[in-house]
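The structure appears right after this line, and notes come after that.
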Amino acid sequence: MNVPQNLLYSKDHEWVKVEGNKVTIGITDFAQNQLGDVVFVDTPAPQTEYKAGDALCSVESVKAVSDVYAPVSGMVVDVNEELAGAPQSINEDPYGKGWIASMEMTSKDTDLKALLDAAGYTKLLAEEA
Amino acid sequence: MEGKKTPLYDVHVAAGGRIVEFGGWLLPVQYKAGIIAEHKAVRTAAGLFDVSHMGEIWAEGPEALAFLQQLLTNDFTDLADGQTRYSPMCYLDGGTVDDLLVYKFANGRYLIVVNAANIDKDWDWMQKTAAAFKVKLTNASAATAQVALQGPKALKILQKLTTAPAAGLGYYHFLPEGEVAGIKCIISRTGYTGEDGFEIYCDAGKAVALWQAIMAAGKDEGLLPTGLGCRDTLRFECCMPLYGHELSEKITPLMAGLGMFVKLDKKAFNGHDPLVAQKAKGLPQRVMGIELIGRGVARHGFPVKADGKVIGSVTTGSPAPTLGKNMALALIDTAYAKIGNKVAIDIRGKDVEAVIVKKPFYKRAQ
């Protein structure tokens, strides 16, 4: 499984890329592989506030529906509109073209501490396997 | 995960099959290629399915035909040796026990192939009906393996492995004493995908050798091992019913749109009178095809709405990979069951626009 070093991870298999006060969010390589072919992404509404742990949106494969949880608290500032026409980007490029949304954090210090680094997430995957 | 293993279980694991529990069996929902790639392989080249979980029950004896005529809604009096016929099997109240295939080997000798999850209840139900006839039932499910080679390249692949006259075999006909890759088997031109193809039955102990021979023969033809996931999306595009979804104890074959397999002019069969009455009175609900216009994927059990009320529920919902659309089959109140009618599907609390369309969603070019 691909677990890039420069990202943070939630226990629910979301990845988080931090740039200042802004984060970009997607689901991990492990998560997309577990789901199988993604056929539909119900992206969150921009300018909506979420608390860390809230259901942000859902990702559906042929056979399964999986909720994506907000890994941090804050406002959704951008969503990946390309996923409407190309949901398979989540399978093909989960850390790139498959990004789901970006958020402006409201409680950066506490929220980021609760996330795992690449080593911690790799360990989590080993335990779940 | 708990469940029974088919003789091919280890082969699936080695091939990267993702194992799930289905009807009490551990089977691959997909392999490495994924459901959509596997689906497309069956539509354009070929796929090989392990369907060894299916149940095989022999009905033998001088009154085997009379037994089948009583047990099943279809008519078997004109079934020829080497011919296969589909039928629903009903309870006395017209609700559906299962749907199945009947193979005629000879007068007084038939093989009945049933759904895996229903083997035990089917067996009990058949025994009850059989008590009034000179017929002996034998459950051969455990000793029998079955693989389904499906897709436009299926014949070409099979011909590399057999001298049996497979090309001349008509749809819903079978060769009782075929040989594939040197293995004795029943070769049946049937399937559950809407494509040309074969269902091949052999002794459980020969299943691995048969599987590997077919995979090797199909290597240059685009053959993929294919799992339960695409088995469902393939049958769904063709609107073939799946027991527990479009058919159930509460959904009669008439409601499922299978009237052509219910011969009400037969004098008697299990469920005859209630089905005649249901037809005369008018069906309360019917299984209809639906295309989603709004965004979202319908799933089994989601409510279908019109005029601000619930008028039915989704029996199967999924993307239809060949169409590139999200489709559904749904049991809908007859008053609303008209092609072209606008409905909404309640997808986790959100009403998504949809329209009733013709079945099947996909039909192969002849």
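Bear in mind that the values in this text are calculations on the coordinates, not laboratory data. Note that the structure is predicted; figures quoted are calculated from it, not measured. Counting neighbours? That spans all protein chains shown, and the Cβs are built from the backbone with ideal geometry, glycine included.
So the values come out like this:
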quantity	calculated
Nearest-20 debye value, region B:284-357 charge dipole, Cβ charges on Lys, Arg, Asp, Glu	100 debye
Charge sum, other residues only, whose C-beta stays under 9 Å from B:VAL114's C-beta, Lys/Arg counted +1 and Asp/Glu -1	-4
Interchain or long-range residues, amide H under 5 Å from B:THR96's placed H	B:TYR91, B:SER248, B:GLU249, B:LYS250, B:ILE251
Nonlocal amide H pairs with A:GLY53, under 5 Å, H built at 1.01 Å	A:ALA70, A:VAL72
Inter-chain Cβ neighbour average for residues A:57-63, partner chain, 10 Å	6
Residues with amide H under 5 Å from that of B:GLY257, placed H, sequence gap 5 or more	B:VAL287
Partnerless Cys - chain B, beta-carbon criterion under 4.7 Å	B:CYS90, B:CYS230, B:CYS238, B:CYS239
For region A:18-129: rounded, prolate or oblate by the Cα gyration tensor [a/c cutoff 1.5]	oblate
Positive-end residue of B:LEU155, B:GLY294, B:LEU329, charge dipole of the protein assembly as shown with Cβ unit charges	B:LEU155
J(HN,Hα) series, region A:59-68, from Karplus relation 6.51 cos²θ - 1.76 cosθ + 1.60, nearest Hz, glycine and proline x	10, 10, 9, 4, 10, 9, 10, 9, 6, 9
Chain B: relative contact order in percent, alpha carbon pairs under 8 Å with at least 6 residues between	18 percent
Where trypsin sites (Lys or Arg not before Pro) fall in DSSP loop in region B:42-136, at most 15 other Cβ within 10 Å	B:LYS134
Charge dipole (chain A, unit charges on Cβ, about Cα centre) - positive-most of A:PRO94, A:PHE40, A:GLY20	A:GLY20
Between region B:95-145 and region A:66-87, the alpha-carbon center distance in angstrom	51 Å
Value of [θ]222 nm, deg cm²/dmol, for chain B, DSSP H segments ≥ 4, -39500 (n - 2.57) each, nearest 500	-5500 deg cm²/dmol
Whole-Hz ³J(HN,Hα) from phi, Karplus 6.51 cos²θ - 1.76 cosθ + 1.60, for region B:222-228, glycine and proline x	x, 5, 10, x, 10, x, 4
Local net charge near A:PRO4, Cβ-Cβ under 13 Å (Lys/Arg +1, Asp/Glu -1)	-2
Cut-off 15 Å between beta-carbons: net charge of the residues surrounding A:VAL65, Lys and Arg +1, Asp and Glu -1	-1
Shielding score for B:29-38, defined as the mean number of other chain Cβ atoms within 10 Å	3
Relative contact order of region B:284-357, defined on C-alpha pairs under 8 angstrom at six or more residues apart (%)	40 percent
Global form of chain B, assessed from the alpha-carbon gyration tensor, a/c cut-off 1.5	oblate
Cleavage-rule hits, chymotrypsin sites (Phe, Trp or Tyr not before Pro), region B:1-76, DSSP coil, Cβ neighbours within 10 Å at most 10	none
Over 27 Å between alpha carbons, listed pairs B:LYS136/B:LYS267; B:LYS266/B:LYS363; B:LYS250/B:LYS281	B:LYS266/B:LYS363
Spatial separation of Cα centroids for region B:188-204 and region B:16-82, in angstrom	8 Å
